[in-house]
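Structure first, commentary second.
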């Protein structure tokens, strides 16, 4: 990375707030006899109404304590000091000592100082002329030391030279407008000092810009609309960081603002009091000093929010909501808030956003490679780019994290100050066992799934079905009794799976690893007790040792070359539902093979026919025997009426299709690439639910049974590159939507 890019990376991630913890936002210095019951009192009240914590001596000090030390502590603990210079200000040695302390804090702590000239000329303060000259004549004639008097003069000159505000410039001395102007100045100063902390805001600017279009704050046509916006995404994707950035960017545009953090976690720890506490926080954040001292119950909190916030234009962030009850108690309706309000909800649950009918949803996305490298580097190297010797290792980490900010932060923080060899060791460990801190965050989504079957669907997908057609997987898992259509829909809403444009089920690699780790945990690491086996070495170990148990529900084994096992290795796997083999040959007898299979995919099936002792499969929904050596599929059909999908594609020795008479519910028949196929059994015409037939590249096939063309269920027929030269009328194929057929002219 060149120096220019390095500087850009470094500057993009500077802290957004001061590290000092302030006790007050504003310290008011004034001469009490001049302005306490007038201007200074009104200014303090305005600060209080605006939710700005301002120190006022007669309201804050306790009589039993010494005044001076406590005043000094208040000055030292304030972000901004405001000095009200009135005509008799300099007569008070007390005020002048305050001023010296204020200017010292400005120099030492970088505090902001704002002088206000209340019916006094700035030049009189700066040069100690006019009424200020008279005051200093008395000080110099009195008992005060010359050095102290000179410190007072210096402090007055320095303060008057600062950028301040003059009453006479505020609409001819209109005090109310003057106070409003001061409020604006203070709010502007506080915005840069008192925003939510975003430690390394990598990639935030572009995302805030995209999300601002959803918020639609500046559009005059919608400025009075109350809009609810959802920020949706998987755990660790950066939803909260983005919500903080939105808050920081736009909070100054609203009269009230509230960021309700970690809503799910707060309520998980205190189901009732937590929700009441959030209601109280919302009210106090927006109403400030006028907020309620107590909220007795959730219904009372709802009533108070509706009554007291309905005229307030507010920005409300509800972070990490996961249940409708939460939102109904905090932001149950748009008319609870004043015109122009914006309610932003971050969640992992899309259905929740549908339930509250958000106006728009922003889908949080993974970081691209450049962003990921920068964020990782901030945590691993404390700068926005990696050490050159660690560049390749860093890129390997980036690939592992797959653009997930949570993972980049956790892994980067762990690897800081470690050697390259330790990096290598950790990367190898991560490939075998996912990081616990990452898994803890991701697992929240799994644990929050509504029922056991939906969790089983997630585990099945993570172990077996990533990249496969959603409709196909739905049929298989429906056969398992999992109600997969609604189950997969819930997983999509919870951001645990996605569906590609090609209708393939996809899953983030770290979510996949999380699912597989759950299987590992439930079996206490004993492979023979796993409910699902997917690792090559684990499966081969169980099959070689014939150590399988009835706990095993699914197995996937891909071999790069033909590998042999004894069929008896499956004898004890009596609850097996899902079996996916590739380039595997089983020797011996099949009579004790699992009998409750829902899905059998066996690529490179090595036999010329399904053996006679192959057990009946009454539950089988999908049978895939692609690239098999089949010549005859079966002599006696061992399948049953539940079979919906039969895929024999690329079985190059197959000369004729099987008899379908025992498969009345078959929906998909795939014979693509069966180059020797010359005959399709006439029972195909009796299949009343057959919707798809794929005969592409069956070069020897010249025709189909005539009764096939009477099908009232067929929607798709693919017959490219066959020997079919003519077709009868297709008029009786009333449901046909997709016909693919190339015939020479």
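Ratio of alpha-carbon Rg to the 2.2 N^0.38 Å globular estimate for region 113-256, to two decimals, please.
Taking N as the residue count of region 113-256, the ratio is 1.64.
To the nearest Å, what is the center-to-center distance of region 66-121 and region 245-301, using C-alpha atoms only?
34
Calculate, for residue 501 and residue 640, the FRET efficiency according to 1/(1 + (r/R0)^6) with r their C-beta to C-beta distance and R0 30 Å; round to the nearest 0.05.
Rounded to the nearest 0.05, the efficiency is 0.30.
Using 1/(1 + (r/R0)^6) with R0 = 56 angstrom and r between the beta carbons of residue 417 and residue 360, what's the FRET efficiency to the nearest 0.05?
Calculated value: 0.80.
How much length, in nm to one decimal, is gained on full extension between residue 388 and residue 725, taken as 0.36 nm per residue of separation minus their Cα-Cα distance?
Gain on extension, residue 388 to residue 725, equals 114.8 nm.
If you wrap region 369-432's Cα atoms in a convex hull and average its projection over all directions, what's the area in nm²?
3.6
List the relative contact order of region 439-518 as a percent without decimals, with contacts defined as Cα pairs under 8 Å and 6+ residues apart.
Once normalised by length, the contact order is 38 percent.
Restricting things to alpha carbons, find the Rg to Rh ratio for region 622-737 using the Kirkwood radius for Rh.
With Rg and the Kirkwood Rh in hand, the quotient comes to 0.93.
Measuring from a point 7 Å past the Cα of residue 138 along Cα-to-C-beta, which residues in region 81-106 have an amide N at less than 13 Å?
Output list for this probe position: 87-96.
At 0.36 nm per residue, minus the direct Cα-Cα distance, what do residue 104 and residue 468 gain on full extension? Give it in nm, one decimal, please.
Using 0.36 nm per residue and subtracting the Cα-Cα distance, I get 124.1 nm.
Take the chain, drop everything but the C-alpha atoms, weight them equally and run the Debye formula without solvent; then report log10 I(q)/I(0) at 0.08 Å⁻¹ to two decimals.
Values, matching the q order: -0.84.
Nearest 0.05, what FRET efficiency do residue 48 and residue 351 give at R0 = 60 Å with Cβ-Cβ as r?
0.90
How far apart, in nm, are two points set 7 Å out from the Cα along the Cα-to-Cβ line at residue 558 and at residue 224?
Modelled inter-label distance: 6.0 nm.
How far apart, in nm, are the 7 Å Cα→Cβ label points at residue 612 and residue 123?
Taking the simple label geometry, residue 612 and residue 123 are separated by 12.1 nm.
State the extension gain, in nm to one decimal, for the chain segment bounded by residue 483 and residue 546, taking 0.36 nm per residue of separation less the distance between their alpha-carbons.
Roughly 19.4 nm would be gained on extension.
Please report, in whole Å³, the volume per residue of the convex hull around the C-alpha atoms of region 124-182.
It comes to 96 Å³ per residue, whole-number rounded.
Taking Cα atoms, how many degrees apart are the long axis of helix 470-479 and the longest axis of the chain, rounded to 10 and kept between 0 and 90?
Once rounded, the angle reads 70 degrees.
Taken together, the values in this text are just the output of simple stated rules run on the coordinates, not laboratory data. All values reported here derive from a predicted model rather than from experimental measurement. Don't worry about glycine lacking a Cβ; one is built from the backbone with ideal geometry, like all the others, and counts go over all protein chains shown.
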